[in-house]
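A quick write-up on the structure given underneath.
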Amino acid sequence: MKYHCVVILFCLLTKGWAQFNPQPNEVTEKFFPDAFELEEVTPGLQKSKGFTTYNELMDFLNGLKIKFPELVRIEYIGTSKKGKDIPIIYINNARQSGKKIRVFLQGGLHGDEPASTESVLYLLYDFLHNDENAELREHIELAVIPMANIDGYVRLRRNNAENLDLNRDQTKLMAHESVALKKAFTDFNPHVALDFHEFRPFRRDFIKMGNFGVTGAFDLMFLYSGNLNVPQALRKHTNTNFLEPTRKILDSLELSHFDYVTSAKHFGEIQFNRGSHNARSSATNYALLNTVAALIEVRGVGIGRTSFKRRVFSGYIVGKSFLQQAVIHKESTFSVLEETEANNEITVLLKRDVYQGELEVIDLETNEKISLNVTYRDALRSSPQLIRPRPKAYYISCDERDLVVKLRTLGLMVDTIKIDEEVEIERYLVTNRTTEGQKYEKMTLQSVQVELETTKLSIPAGSFIVYTNQENANILTEVMEPEAPNSFVSFGLIKTRVNQYLPIYRLP
Ligand SMILES: [Zn+2]
């Protein structure tokens, strides 16, 4: 057992990590046996080495279109940075009348998470071929992006060709692919969205735990939003009517699962972040765009093809359950999403609840599951730290056209002011500003403190206005309020100095 830990440490230190599978066979055999029988219908399942290539993906999708010409439509949402067309598959039974529930599925946003794409392909195949899915095909309109980050995927790299993480880019929208992906999402305007990922079960932090290191114990983890600007009814509906039945199905199949946790250093101590509230990542971003949304993480990054069938099966089971719940809870989903009762207060900053709790891991010394007492920082149990009244609208200076493009990509309607207007507004005076020494995702982050001043101002024609009484408006808090962690100001898209006013205003 000692040997394995030395090897893992060696691989981490020498960056031999990508080539070496750090998982001892006894862990695979005892906890993650590849005993799941899947039909070998997808390209990645049909081979024993490597994963689905871009050409194999296109052949597979075109094959489905030839076989089901009335149901399947393939379009391209744009190109990857290196020029590959990004396919999206729409499945809609046009003969069926009545309102359908729109479900959006995405795989391969991170290029080193191969079972994500494969699960989506398997699910797609099953959706079309399996007789037991007749009812699903009747009620669901499906949009599927199986390989969102093609340049990353073909090189088994997490980031895109610009070295940007596409799941940290969903408010600033700087990466080539991010704009196309977000536009496809908001054009389709789904009721339900599921983003497929894999997590790294051998983390650097895990080496120091137990006597000889530990590894993640779960087949998969669910990431769903704890963001307080996502209406509580929507958060509750997501957990109760989509995740809870899915957990039960996983239990019956003896696939282990947990709410998403990841280790993070906090003042030198290893703690565990649970859930998510960040609008820069898919699950929260989608939920703020008025969607029942979750991200799943299957245990798979960095272990090659180990337990590959099991991983694909895990993703497929969750995806299939989401499709089933979408049909079962179709009407209640419509009503939860149509509830426009907007909260009068918005949460600009929130605080995660911090507490001690148990975390199950696999001890590499004994090859047993053990329970660690850890510190959780829990986004699913968060409380507001800074709240403001919800404005009626935000005004944006005519010089900030780039922001308006991003807002429109996020599915918001932004109007242009036709004639000069004299309005009482609230403007932000920057009273303090700090920047991070290091860049984050190529951006110089800044955090600001502001004072709100009410004043009468002449808003010139050509300025922009975005109202908060529209469907996707909950995302506005996250991008427009300057102190919000993923706002245009925080990401440095709006340059500012102390004692200056920001070029955005609130209409109270
Ligand atoms: Zn991922």
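The values are calculated or read from the model by the stated rules, or taken from the named source; none is laboratory data. Note that the structure is predicted; figures quoted are calculated from it, not measured. Cβ placement follows ideal geometry from the backbone for every residue including glycine, while neighbour counts extend to all protein chains displayed. For accessibility, only protein heavy atoms count, side chains too; no ligands or nucleic acids. Shrake-Rupley method; radii C 1.70, N 1.55, O 1.52, S 1.80 Å.
Counting only residues that are aromatic (Phe, Trp, Tyr) and closer than 28 Å to His266 by Cβ, which one in the stretch 323-379 is nearest to the chain's Cα centre (by Cα)? Spell out how you get there, then give the answer.
Residues of the stretch 323-379 that are aromatic (Phe, Trp, Tyr), as a first pass: 334, 355, 376.
Next, from what is left, pick out any that are closer than 28 Å to His266 by Cβ: 355, 376.
On the way: Tyr355: 25, Tyr376: 21 Å.
Among residues in the stretch 323-379 that are aromatic (Phe, Trp, Tyr) and closer than 28 Å to His266 by Cβ, the one nearest to the chain's Cα centre (by Cα) is Tyr376.
So that you can scan it fast, the table gives a plain yes or no per residue for (1) more than 18 Å from the chain's Cα centre (by Cα); (2) within 16 Å of the ligand (Cβ to nearest atom); (3) in the same structural domain as Gln325 (by TED's automatic domain parsing):
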residue	(1), (2), (3)
Ala233	yes, no, yes
Thr238	no, no, yes
Ser276	no, yes, yes
Ala279	no, no, yes
Ile303	yes, yes, yes
Arg310	yes, no, yes
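Of the residues that sit in the stretch 203-215 and are open to solvent by 10 Å² or more (accessible area, probe 1.4 Å) and of a type outside the set (D, E, K, R), which one is nearest to the ligand (Cβ to nearest atom)? I'd like the intermediate steps shown before the answer.
Of all residues in the stretch 203-215, those open to solvent by 10 Å² or more (accessible area, probe 1.4 Å) come to 203-212.
Then keep just the ones that are of a type outside the set (D, E, K, R); that gives 206-207, 209-212.
On the way: Phe206: 18, Ile207: 21, Met209: 22, Gly210: 25, Asn211: 30, Phe212: 27 Å.
Among those residues, the one meeting the criterion is Phe206.
Among the strands (runs of 3 or more DSSP E) contained in the stretch 355-456, which hold 2 or more residues that are within 30 Å of Asn189 (Cα to Cα) and either modelled with pLDDT of 95 or more or outside the structural domain of Pro503 (by TED's automatic domain parsing) (or both)? Lay out the reasoning, then the answer.
Values: elements: 368-389, 393-396, 421-435.
Counting at least 2 such residues, we get 368-389, 393-396.
Does any residue of the stretch 172-195 turn out to be farther than 30 Å from Met413 by Cα, of a type in the set (Lys, Arg), open to solvent by 50 Å² or more (accessible area, probe 1.4 Å) and in the same structural domain as Leu289 (by TED's automatic domain parsing)? Steps first, please.
Within the stretch 172-195, the first condition is being farther than 30 Å from Met413 by Cα, and the residues that meet it are none.
So far as the stretch 172-195 goes, no, none of its residues is farther than 30 Å from Met413 by Cα, of a type in the set (Lys, Arg), open to solvent by 50 Å² or more (accessible area, probe 1.4 Å) and in the same structural domain as Leu289 (by TED's automatic domain parsing).
Report, ordered by the first and then the second residue, all pairs with beta carbons closer than 6 Å, sequence separation of six or more or different chains, a first member in the stretch 166-182 that is basic (Lys, Arg), and a second member that is open to solvent by 10 Å² or more (accessible area, probe 1.4 Å).
Cβ pairs passing all conditions: Arg168/Arg280; Arg168/Glu441; Lys182/Thr409.
From the residues in the stretch 465-508 that are more than 30 Å from Ser335 (Cβ to Cβ) and of a type in the set (S, T, N, Q), which one is most open to solvent (accessible area, probe 1.4 Å)?
Among residues in the stretch 465-508 that are more than 30 Å from Ser335 (Cβ to Cβ) and of a type in the set (S, T, N, Q), the one most open to solvent (accessible area, probe 1.4 Å) is Asn499.
Please find, among Ile396, Ile419, the residue that is touching a Phe, Trp or Tyr at 6+ places or on another chain (Cβ under 8 Å), β-branched (Val, Ile, Thr) and touching a residue at least 24 places away in the same chain (Cβ under 8 Å).
The unique qualifying residue is Ile396.
If we keep just the residues of the stretch 220-277 that are over 22 Å from Ile475 (Cα atoms) and part of a loop (DSSP other than H, G, I, E, B), which is least open to solvent (accessible area, probe 1.4 Å)?
Leu255
Scan the stretch 106-129 and give yes if some residue there is within 16 Å of the ligand (Cβ to nearest atom) and open to solvent by 50 Å² or more (accessible area, probe 1.4 Å), otherwise no. Steps first, please.
Our first condition is that a residue be within 16 Å of the ligand (Cβ to nearest atom); within the stretch 106-129, this holds for 106-120.
Subset that is open to solvent by 50 Å² or more (accessible area, probe 1.4 Å): none.
No: zero hits.
List pairs: first in the stretch 109-125 and under 19 Å from Ile74 (Cα atoms), second open to solvent by 10 Å² or more (accessible area, probe 1.4 Å) and within 11 Å of the ligand (Cβ to nearest atom), Cβ under 7 Å, 6+ apart or cross-chain?
Sorted first by the residue in the stretch 109-125, then by its partner, the list stays empty.
Mind checking which residues of the stretch 389-431 are more than 15 Å from Val466 (Cα to Cα) and buried (at least 19 other Cβ atoms within 10 Å of the Cβ)?
Tyr428, Val430
Can you tell me which residue among Glu56, Glu26 is away from the ligand (no atom under 16 Å from the Cβ), over 18 Å from Ile303 (Cα atoms) and not in a strand (DSSP E or B)? Write out each step before concluding.
Values: Glu26 fails: over 18 Å from Ile303 (Cα atoms).
It is Glu56.
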